[in-house]
């Protein structure tokens with residue numbers, strides 16, 4: 001660059017092009033072109049947060065909320081970031097503003113439940129979160145793994161995680177009955193059984209594990225780990241009973257749950273080998289479970 005003060009300032013020849021393009025975009029909607037989609041304040045706030053400015057992201061969401069009072073994602077994201085910044089009272093007020101707006105979004109309650117667990121604020125508000133639980137369960141019962149069912153499964157997974165978070169909080173308060181009540185229903189679902197199993201087992205007094213496992217199995221609520229423990233106990237005295245327990249569990253554990261317990265598949269195959277080629281309904285059920293591609 002010249003140091004001569006009389007030289008004219010350099011002008012970028014590329015400058016008029018972006019200016020012209022910007023002008024075209026600005027007026028595209030007026031002349032029949034494709035207008036730019038409106039900015040998503042949530043995504044903008046997330047980008048600001050990722051850049052390291054949590055306070056700036058929170059400020060951006062507050063500004064956006066002033067003109068988007070019916071956007072539940074704004075409330076959820078703002079409350080989450082406030083909690084991350086340990087501003088729990090402000091986060092609580094944001095959730096309450098969302099509920100006062102009567103937004104019909106179960107994700108609000110799911111995120112609120114997780115917030116309560118994380119901030120130690122469970123209290124009586126749990127009832128508000130759990131009030132919609134029965135409806136969600138009924139809707140999820142008939143949802144399979146088809147592609148059009150995935151949004152409900154995403155909702156399901158988040159609800160399970162929130163319930164298990166609340167259960168851990170209750171467990172830390174030594175309220176094992178409440179913790180077990182929250183977690184027990186999640187023992188039979190692939191998205192949640194491992195978390196729920198850990199909580200429920202922690203609620204069972206020493207020496208009563210297998211008895212409780214048997215009670216849960218009888219009511220079709222045992223986890224794969226619990227079923228494996230019952231099968232291990234039964235096979236010592238009655239191989240047929242061991243197979244029956246596993247086969248009965250397949251009626252309510254409606255996925256290939258055997259492979260999720262270390263060593264259980266090998267144990268079942270050994271039991272089938274020891275029993276031999278006997279015509280038995282339980283054996284057929286387990287054979288289909290272990291080898292679904294074999295006719």
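Tabulated values for the structure
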| quantity | calculated |
| --- | --- |
| Which of 78, 54 has the fewest Cβ neighbours within 10 Å, and the rest in rising order | 54, 78 |
| Percent of Cα pairs exceeding the 14 Å cut-off, where the set is the range 209-295 | 60 percent |
| Near-label residues of the range 192-211 by backbone N, under 16 Å of a point 7 Å along Cα→Cβ of residue 157 | 192-196 |
| FRET efficiency estimate (nearest 0.05) - Cβ-Cβ, residue 281 to residue 256, R0 25 angstrom | 0.85 |
| Where Rh is the Kirkwood radius over Cα pairs, Rg/Rh for the range 226-274 | 0.92 |
| Difference of contour (0.36 nm per residue) and Cα-Cα distance, residue 86 to residue 53 | 10.4 nm |
| Theoretical gain in end-to-end length, residue 290 to residue 185 [0.36 nm per residue, Cα-Cα removed] | 35.3 nm |
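Values in this text are rule-based calculations from the coordinates and carry no lab data. Predicted model, so just to flag it, every value in this text is computed and none were measured. A quick note on method: Cβ atoms are made from the backbone with ideal geometry, for glycine too, and the neighbour counts reach across all protein chains shown.
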